[in-house]
Amino acid sequence: MNMIRKVTGPEAVELLDQAARKMEPRLARTFRDGMERLRDRINADKVARLIEQRRIDEILRLLDFRATQEAMEDFRATVSAAVLAGARVAAAAQPPVRGVGGEEVRFVFNATNPRVARYAEQISSTRIREVSNNVRDVTRGIVRAGIVAGDNPRTTAIQVRENIGLTARQERAVANYRRSLE
């Protein structure tokens, strides 16, 4: 009986880490591009009018999950490619196994593997949902802070647009820096 020696521990981690490092620039680029597409959907004049009318929910609808999902389609495809690359690395890391007849058996993953496809879809949907929720939270915070401070709605609308893609923590750091400069 042939035993399959699975690659585990540091060796497996290193192989997967190498695959991740190769995909990282592409993931970062498609993420930035998606955020830029989402920013492009925001008309500062329209957002300023909505702020003046205190219609915050309508501003948030401009940035809902569907809008984020559409803007992030390339990112979704890149995440799927990264998951598939990781699965291929894991399969390639397995040493050849001899079948009953002595033939070499290799492990293979491809895009048609339904489990890999479901996993990739789950990961990308989760990340896009997190981005969407974050964009909405940051936007809500900027608009509320602008209203409370009595800022010009146009200025607040521009800040909304400029801060799409930042986390709440990053947005607070930008706001604090802006205040210290003023």
> Of the conditions (1) polar (S, T, N, Q); (2) open to solvent by less than 40 Å² (accessible area, probe 1.4 Å); (3) not in a loop (DSSP other than H, G, I, E, B), Gln94 fails just one. Which one is it?
Replying inline: (3)
> Can you tell me which residues in the range 124-151 are more than 23 Å from the chain's Cα centre (by Cα) and β-branched (Val, Ile, Thr)?
Replying inline: Val143, Ile147, Val148
> For Val100, are the conditions met, namely being in a loop (DSSP other than H, G, I, E, B), surrounded by fewer than 14 Cβ atoms within 10 Å (Cβ to Cβ) and at pLDDT 80 or above?
Replying inline: yes
> Can you name the residue in the range 152-163 that is open to solvent by 70 Å² or more (accessible area, probe 1.4 Å) and more than 26 Å from the chain's Cα centre (by Cα) and, of all such residues, is nearest to Phe65 (Cα to Cα)?
Replying inline: Arg154
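Let's see how each residue does on (1) aromatic (Phe, Trp, Tyr); (2) modelled with pLDDT under 80; (3) under 24 Å from the mean Cα position of the chain (by Cα):
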position: Glu52; (1), (2), (3): no, no, no
position: Leu63; (1), (2), (3): no, no, yes
position: Val105; (1), (2), (3): no, yes, no
position: Val108; (1), (2), (3): no, yes, no
position: Arg118; (1), (2), (3): no, no, yes
> Which one is farthest from Ala20 (Cα to Cα) among residues in the range 39-91 that are of a type in the set (S, T, N, Q) and not in a helix (DSSP H, G or I)?
Replying inline: Gln53
> Taking into account only those residues within the range 134-151 that are open to solvent by 50 Å² or more (accessible area, probe 1.4 Å) and without any contact (Cβ under 8 Å) to a residue 60 or more places away in the chain, which is nearest to Gln69 (Cα to Cα)?
Replying inline: Asp137
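The values are calculated or read from the model by the stated rules, or taken from the named source; none is laboratory data. A quick note: this is a predicted structure, and the numbers were derived from the prediction, not measured. Positions of Cβ are generated from backbone atoms using ideal geometry, with glycine treated the same way; all protein chains shown enter the neighbour counts. Note: areas computed on protein heavy atoms with side chains; ligands, DNA, RNA excluded. Shrake-Rupley method; radii C 1.70, N 1.55, O 1.52, S 1.80 Å.
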